[in-house]
Structures are given as C-alpha cells and as structure tokens.
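Written below as structure tokens is the structure these notes are about.
Rule-based calculations on the coordinates, nothing more; no lab input. Worth saying up front: this structure is predicted, and the values here are computed from it rather than measured. Cβ placement follows ideal geometry from the backbone for every residue including glycine, while neighbour counts extend to all protein chains displayed.
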Amino acid sequence: MPAIVLHPSLGRPAADFGPILAALASAGHSVHPVESGTGDTLHDLADGVIRALDAADIARAHLVGHAFGNRVMRCAAADHPDRVASVALFGAGGRFPGDDEATAALGRIMWDRGTHDDVVDALRIAMFAPGSTIPDDWVDGWDPDLARAQHAAASATAITDWWTAGTTVPVLVVQGLDDRMAPPANGRALVDEIGARARLLELTGMGHAMLPERPADLAAALLGFLDDIEG
C-alpha cells in the first residue's frame, strides 16, 4: 500500500493536516506530511517532494495537496509519474481566480496583519465558509516570506506544466462550494479536461481552509478514493 504524502497551502505548515491524519493512519496508511521547500519554479518544489520520498525510502506515493500545495503535487505527478500512485487535490485553483474581496482579505492575513480580530474577520472572508469555527492555529502559523517565494515559483511556471497532473495518474478533486479563493469552477474545469481518470467531490459548508472545517468528510473522501484505485 503506497504511503500518503501531504503538502500544505500557501505559507502554511504541514501541521494543517493534523485533523485528518489519525483517520488515514487508522485505515492502515503510512502518512507523511511534508513542509514546503523553496525554489525558482514549481518544478523545483516538486523535486523537493521527490527528495522527501527518497529520504523516507518511499518508492511510490499517493500525493495530497491542499490549495497551493496541489499545484506542487500536480507538478510532481507530471514530472515524476513513476513515483506517483495518485493525486488528491483539496481546493484546486489555478485557472479561475478568487474574487477581489477574498484576495484582498488574504493580504490582510498574510502581509498586512492588523489586530487578532482583524485577522479573524479576514479569515472569514478568504478562507472559511459562513458559520465555520476559526481555530487559533489558523489565525497564526502564516509564513509570509515562504508565501512570497512560493508565489514567485508558481508565477515562473507555465500552468500547462502542472494543471492536469500529468497524463496517467488517477486524480481526486475536492472543492468547497464556499471557497472564494479557489472557486469550484476550477475543479469542474479540471475534471472536464482530464476525463475518466478524475473524480470530483463538491462539499457545502467548506471554504478554502477546508481541513479544520470538514475533516471527517475529507478523510472519508480520500480513503474511499484510495480504496477504489487500490482495489
């Protein structure tokens, strides 16, 4: 059973995957959250994921990327298909941008932070569905320098290099219907483009943060997908 390797979102730590790790491990999977590396392009970041596999003596893995992390994992699948058993994308963006209000709110979370309450208000706009509880570790834990480097790497990489996650691996796309940073149109367009090797799940009550909002549903979706492709 291939290991599961997980890459976090823009400027975020791998600890964000904490809410789903126990469920994945309980199902018998070896689980490896990885911190983002840096480099000039997404290809460099994808190579960093492969180096993490090598360091853990993992021959092939199921890759999971949250938000920005799914760009890295899609690039890894495109560049190293022999090392990738599948790709799961939580909050797939890249083609249809977030709305202006949400994008501005992300800036107030990441770079132009005000008071605690200011950040919470911005998180409600950019990252969380209406009514979701915002945990303290999402008010904090942001790395603006890492985010700048990641954004530069993405900007230096053609979307055609990574958008389809290569041409062979199975792909799961999970989109929050309340996601204002990566609108659901992204997932729909991706699945329409790559066809039978992809499946799409859209969930209500979930924004761009996803992991602290509906962890049980995310874990169940991922495990069901892996069960199907592993037989």
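Electrostatic bookkeeping for P130 treats Lys and Arg as +1 and Asp and Glu as -1; over the other residues with beta carbon under 15 Å from its beta carbon, the sum is -3. Could you tell me how far the Cα centroid of the stretch 131-145 sits from the Cα centroid of the stretch 161-212, in Å? Each part reduced to its Cα centre gives a spacing of 22 Å. The Cα atoms of the stretch 87-183 give a gyration tensor whose axes a ≥ b ≥ c have a/c of 1.5 or more with a/b greater than b/c, which makes the shape prolate. Less than 12 Å Cβ to Cβ from G205, Lys/Arg counted +1 and Asp/Glu -1: what total charge do the surrounding residues give? Neighbourhood net charge equals -4.
Only the Cβ atoms of Lys and Arg (+1) and of Asp and Glu (-1) were treated as charged; on that basis the dipole of the chain about its Cα centre amounts to roughly 440 debye.
Net charge within 14 Å of L42 by Cβ-Cβ distance, Lys/Arg positive one each and Asp/Glu negative one each, not counting L42 itself?
On the way: positive: R71, R74; negative: D40, D44, D47, D79, D161.
Local net charge: -3.
Seen against the Cα atoms of the chain and their longest principal axis, helix 215-230 is set at about 20 degrees.
The angle separating the long axis of helix 116-126 from the principal Cα axis of greatest extent in the chain is about 50 degrees. Computed from Cα atoms, the angle from the helix 42-55 axis to the main principal axis of the chain rounds to 60 degrees.
What the Cα atoms of the stretch 3-230 give is an Rg and a Dmax of 16.1, 47 Å. With no solvent and one point on each alpha carbon, what is the Debye value of log10 I(q)/I(0) for the stretch 121-231 at q = 0.22 Å⁻¹? So the normalised log intensities work out to -1.29.
Using unit Cβ charges (K, R positive; D, E negative) and no other charged atoms, how large, in debye to the nearest 20, is the dipole of the stretch 147-231 about its Cα centre? Before the final figure, lay out each step's value.
Values: 6 positive and 11 negative charges, 54 e Å.
Charge dipole, the stretch 147-231, about its Cα centre: 260 debye, nearest 20.
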